[in-house]
Structures are given as C-alpha cells and as structure tokens.
1. Filter region 107-121 down to residues that are closer than 22 Å to T197 by Cβ and in contact with a Leu (Cβ under 8 Å, 6 or more places away or on another chain) and give me whichever is farthest from the ligand (Cβ to nearest atom).
2. Filter region 138-159 down to the residues that are surrounded by fewer than 19 Cβ atoms within 10 Å (Cβ to Cβ) and assigned to a loop (DSSP other than H, G, I, E, B), then identify the one that is farthest from the chain's Cα centre (by Cα).
3. Among the candidates A163, A145, A151, single out the residue that is of a type in the set (A, V, I, L, M), more than 9 Å from the ligand (Cβ to nearest atom) and more than 15 Å from T10 (Cα to Cα).
4. Would you check which residues across region 95-120 are among the charged types (D, E, K, R) and open to solvent by less than 10 Å² (accessible area, probe 1.4 Å) and list them?
5. Pairs, please: C-beta under 6 Å, at least 6 apart or cross-chain, first residue modelled with pLDDT under 75 and in region 61-84, second of a type in the set (D, E, K, R)?
6. Tell me, which residue of region 121-137 that is in contact with a helix residue (DSSP H, G or I) (Cβ under 7 Å, 6 or more places away or on another chain) and part of a helix (DSSP H, G or I) is surrounded by the most Cβ atoms within 10 Å (Cβ to Cβ)?
7. On the basis of being small (G, A, S), more than 10 Å from the ligand (Cβ to nearest atom), open to solvent by less than 80 Å² (accessible area, probe 1.4 Å) and modelled with pLDDT of 85 or more, does A87 make the cut?
8. Condition (residue is closer than 29 Å to G59 by Cα and either in contact with a Leu (Cβ under 7 Å, 6 or more places away or on another chain) or within 12 Å of the ligand (Cβ to nearest atom) (or both)) applied to region 229-240: is it met by at least one residue?
Amino acid sequence: MADTTRETATARTLKLLDPDRYPRVDATNHGYYDVLGDSDPPVHSIVQRLMRSRIYSTGYQIGRPIARKLVSGRQAPGRDQDRTQVAAWLGLGADSVVLDVGCGPGNFTGWFGSQVAPDGLAVGVDASHAMLRRAVVDNCGPCTAYLRGDAEHLPFADGVADAVSCLAALYLINQPAQAISEFARVLKPGGRLVILTSLAPRGIRASALDTISGIRWFGRDEVTGLVSDVGFTQIERHIGGLSQTVVATKE
Ligand SMILES: C[S@@+](CC[C@H](N)C(=O)[O-])C[C@H]1O[C@@H](n2cnc3c(N)ncnc32)[C@H](O)[C@@H]1O
C-alpha cells in the first residue's frame, strides 16, 4: 500500500535550504522552487542565452547524445552506461541526497531520483526556467525535485548533500571556481563530487577557443586544481576526447 504519510520531494528540498537566507520559500512556480526571482546569473555568450530559451530546451534532448558523441569520440558511452557510471562514482544509495547542479531538463536528476528511492532525494538545480519546465514534465518522480538557483550561490545549508554532480554545465558557469567552492560547502564530509566538462585540446590556447565557441575550455589540470584547492581528495580525472570527468571526495 502506498505510504501517504511520506513528505513530497519538494517539501523535503525546502529543509535543505539555508534557514538564515531562506526563512520562507513557499511559492512553487510550475512545479519547482525559485530562489532567484529577478536576479538571474548574467549571460555573456550566445550559448548561455540559448540555455535559457524554450526552443533550445526542447531540442536539447535530441542534441545532447550527438554533442556527447562529437566531444568524446569513440569513447562516447551510451545514455544508460553514462548514467550508471556517474551514479557509481557518486556512490548513490537508497537514502542518498544528491544535488545535480546545472541539471538542464533533468535527464540525470530524474534517474538519480530512481536510484536513491525510497528514502533519498535528488534535487536538480538550474538557472533556466525553460530547462526546469521541461525537467518537471519529463523527469519527475517521488524522490526528485527541482529548484531554480545559481550554481555560484547555492541556496542550501552547509553539509546537506551526500553527492553533487555538475554535468556538462561548468563550462557555462561564469565563475567555475566559485561554483566548485559551493559544491564543497554543501557536501557532507566524505561526500562525492562528479564534474563532467570540456577539455581544451593540447596545443591550442584555451582562451582563444573560449572566444570562438562561447563556452569555457578548461586546461588539463585546471579543474583538478580547483577541486584540490577547496580540499577535495582522492581526485581522479577521466579523459575522453574533448571532455574530462573529474571525480573527488570531500575530506
Ligand atoms: C548543457 S546543459 C546540461 C544539462 C544536464 N546536466 C545534462 O548533462 O544533460 C547546462 C545547464 O547549465 C545551466 N547553467 C548554466 N549556468 C548556470 C548557473 N550559474 N547556475 C545554474 N545553472 C546554470 C544551464 O541553464 C543549462 O541548463
């Protein structure tokens, strides 16, 4: 029989918020909480602007596997293999709290929610209304919730999460170092972090690529360095073509 006393995932998400900064967030907007209101993170490139558009969020589902194949080359994992590998790196269990930062339309968040059921919680955080509206429709579940927030100023209290993922989003965040220090802040000791992001090809100046592409291209040791600077340990880096996945543990 269904447990009707269980709190909804959105109600459980409110309890993770920093009570000093968010004493009262009660308005849900299209099925997700919005802690940003009018203060959207600034947009500096066409690609960042695209992420906020409805047309892009609709087409994203088709484009993501193609883009993944292009940047990862022959090593591109299939969708299920990709999600299973990320969940294993994150160490997800049946009661984990996982924050999926830059969740887009929730392809990973919804699946994480199914992996942490029945007692865990997967919260997708994104700055884009258009992406979150898709996420709520396409990737919801009893242990999944969404929140509009900024990766550089996460609304959560310190040490609430067992795991944080940031997949294909760090290269769009204006201040990646600030976001990574937020990931460290919201994780519990021993919590796991997985970042999938861009990797500048050898011999090409990353800053030149940034200007042409509108996204940030990270050097080989840049993300591992940022992660180490804020106290993560057991840092691994997995390289696939023009992408890198950094896996780490909070001390
Ligand atoms: C390419 S999508 C990735 C979606 C998903 N993680 C995936 O792998 O399919 C990148 C997302 O990062 C979000 N994003 C960019 N900057 C952000 C910020 N400062 N705070 C929160 N989300 C941000 C964008 O709105 C976009 O939805």
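The values are calculated or read from the model by the stated rules, or taken from the named source; none is laboratory data. Keep in mind it's a predicted model, so treat the numbers as computed, not measured. FYI the Cβ positions are ideal-geometry reconstructions off the backbone, even for glycines, and counts take in every protein chain you see. Note: areas computed on protein heavy atoms with side chains; ligands, DNA, RNA excluded. Shrake-Rupley method; radii C 1.70, N 1.55, O 1.52, S 1.80 Å.
1. Of region 107-121, the ones closer than 22 Å to T197 by Cβ are 107-112.
Now narrow it down to the ones that are in contact with a Leu (Cβ under 8 Å, 6 or more places away or on another chain): 108, 112.
Numbers: F108: 6, F112: 11 Å.
Of everything passing the filter in region 107-121, F112 is farthest from the ligand (Cβ to nearest atom).
2. If we filter region 138-159 for residues that are surrounded by fewer than 19 Cβ atoms within 10 Å (Cβ to Cβ), which is where we start, we get 138, 141-142, 152-153, 157-159.
After this cut, where a residue has to be assigned to a loop (DSSP other than H, G, I, E, B) as well, the list is 141-142, 152, 157-159.
Working: G141: 18, P142: 19, E152: 12, A157: 17, D158: 17, G159: 17 Å.
Top of the filtered list is P142.
3. Values: A145 fails: more than 15 Å from T10 (Cα to Cα); A151 fails: more than 9 Å from the ligand (Cβ to nearest atom).
Residue meeting the stated conditions: A163.
4. At the first step, the residues of region 95-120 found to be among the charged types (D, E, K, R) are 95, 100, 119.
Residue satisfying the conditions is D100 alone.
5. A76/R68; A76/K69
6. Checking each candidate, the answer is A135.
7. On the way: small (G, A, S): yes; more than 10 Å from the ligand (Cβ to nearest atom): yes; open to solvent by less than 80 Å² (accessible area, probe 1.4 Å): yes; modelled with pLDDT of 85 or more: yes.
Yes.
8. yes
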